[in-house]
1. Yes or no: residue 194 farther than 16 Å from residue 97 by Cβ, surrounded by fewer than 21 Cβ atoms within 10 Å (Cβ to Cβ) and within 15 Å of the ligand (Cβ to nearest atom)?
2. Looking at (1) more than 13 Å from the ligand (Cβ to nearest atom); (2) touching a strand residue (DSSP E or B) at 6+ places or on another chain (Cβ under 7 Å), which is the one condition that is false for residue 228?
3. Test residue 151 against the stated conditions and say whether it is more than 30 Å from residue 181 (Cβ to Cβ), surrounded by fewer than 20 Cβ atoms within 10 Å (Cβ to Cβ) and over 20 Å from the mean Cα position of the chain (by Cα).
4. Is the range 64-79 home to any residue that is modelled with pLDDT of 95 or more and under 21 Å from residue 345 (Cα atoms)?
5. Would you point out the residue of the range 48-79, among those that are farther than 22 Å from residue 128 by Cβ and within 17 Å of the chain's Cα centre (by Cα), that is nearest to the ligand (Cβ to nearest atom)?
6. Which residues, taken from the range 103-124, are in contact with a strand residue (DSSP E or B) (Cβ under 9 Å, 6 or more places away or on another chain) and either within 21 Å of residue 187 (Cα to Cα) or not in a strand (DSSP E or B) (or both)?
7. Of the conditions (1) modelled with pLDDT under 95; (2) in a helix (DSSP H, G or I); (3) more than 14 Å from the ligand (Cβ to nearest atom), residue 82 fails just one. Which one is it?
8. Checking the conditions here, which among 59, 91 is in a strand (DSSP E or B), modelled with pLDDT of 95 or more and under 20 Å from residue 274 (Cβ atoms)?
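The values are calculated or read from the model by the stated rules, or taken from the named source; none is laboratory data. Since the structure is predicted, the reported quantities are computational estimates derived from the model, not experimental observations. Every residue, glycine among them, receives a Cβ derived from its backbone with ideal geometry; neighbour counts consider all protein chains shown.
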Ligand SMILES: CNc1nc2c(CCNCC3CCCC3)c3nc(N)[nH]c(=O)c3cc2[nH]1
């Protein structure tokens, strides 16, 4: 265990990077996929299973946890690691993105954002300082700055306003965070789909000498080509020796293409949310187990997988569970999907070390294209 936060690059293949983040709570192998644990739980999974499929870090959700059960309550109970029995690193988002997408009657100003809880309508205020305070109360190991994510498409003046506000909030978060050796506060690059704004945001955040950098304002409905273009423009402006986190991404294809452009960390609700809706990720693409064609199929999802959910249950049984809305359906498919995503990241890390990333990425994509699932 390291006393401080450090990022080491182990291998580089083109722009793809294999690295490791060392922190007191443990190490994070990159490129990393971080399962989303919104209310202090990775839905339908035991934390032992989450660890068992190979996750080194999970996400907590400042917005949800501050509303229920409350950040001060979690702190009194020993912090999120104790509360949720996850002893490894936790990254928390700052809450701004969730406020704008979930809460009611929200008002944004220089000071921060005021809003009413989507749960009981109670009024709240989230300033950069309060967001960092809440993430501290949760004992989060990697804390995100409070930012404003611009929905796309947006007018250039709107993109510039939100990007500049986010930079001022980054400074305030850096001041509020202070110096916490074993923890990190990441800045978030904004700038919408504007190359000029992205470069300005990245350069200003680089000057703040932060421990890590997220790319925000993407995966908000823009075409994949636009997202990838923003990566091509932004990554070269960021310091090579700090981790880069692409927020909210994504599908396996998004991940392969983003690793190829220099991204180290990902988070996405897809594998767990899709699992709860009967969708299974496999080496040969996605399977919708609600579909009647699986009703008599005795084959498992993937006989070669080392995950019991993929290897020991027939598609007919999974189809039955999903159709009957049995909890075990969501549990087994979430397990399968997270296992698939972690296996994908393991493949990616090994391929970069072997300087064979491009070829391996092509093989993985062919597997999906082949279908016959
Ligand atoms: C899905 N697409 C997407 N997600 C974005 C997210 C959220 C990432 N996921 C966080 C977890 C989800 C629940 C608990 C934490 C973004 N977050 C911030 N702060 N800023 C963005 O520009 C930002 C942009 C994002 N785009």
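1. Working: farther than 16 Å from residue 97 by Cβ: yes; surrounded by fewer than 21 Cβ atoms within 10 Å (Cβ to Cβ): yes; within 15 Å of the ligand (Cβ to nearest atom): yes.
Yes; evaluated as a whole, the condition is true for this residue.
2. Among (1) more than 13 Å from the ligand (Cβ to nearest atom); (2) touching a strand residue (DSSP E or B) at 6+ places or on another chain (Cβ under 7 Å), residue 228 violates only (2).
3. Values: more than 30 Å from residue 181 (Cβ to Cβ): yes; surrounded by fewer than 20 Cβ atoms within 10 Å (Cβ to Cβ): yes; over 20 Å from the mean Cα position of the chain (by Cα): no.
Spelling it out, it is not the case that residue 151 is more than 30 Å from residue 181 (Cβ to Cβ), surrounded by fewer than 20 Cβ atoms within 10 Å (Cβ to Cβ) and over 20 Å from the mean Cα position of the chain (by Cα).
4. No, the range 64-79 contains no residue that is modelled with pLDDT of 95 or more and under 21 Å from residue 345 (Cα atoms).
5. Taking the range 48-79 first, the residues farther than 22 Å from residue 128 by Cβ are 48-58, 68-69, 73, 76-78.
Narrowing further to those that are within 17 Å of the chain's Cα centre (by Cα): 50-51, 53-58.
On the way: 50: 14, 51: 19, 53: 18, 54: 19, 55: 14, 56: 16, 57: 12, 58: 10 Å.
Among those that are farther than 22 Å from residue 128 by Cβ and within 17 Å of the chain's Cα centre (by Cα), it is 58.
6. Hits for the range 103-124 are 103, 108, 111, 112, 113, 117, 118, 121, 122.
7. So residue 82 meets the others, but not (1).
8. Numbers: 91 fails: under 20 Å from residue 274 (Cβ atoms).
That would be 59, the only listed residue that is in a strand (DSSP E or B), modelled with pLDDT of 95 or more and under 20 Å from residue 274 (Cβ atoms).
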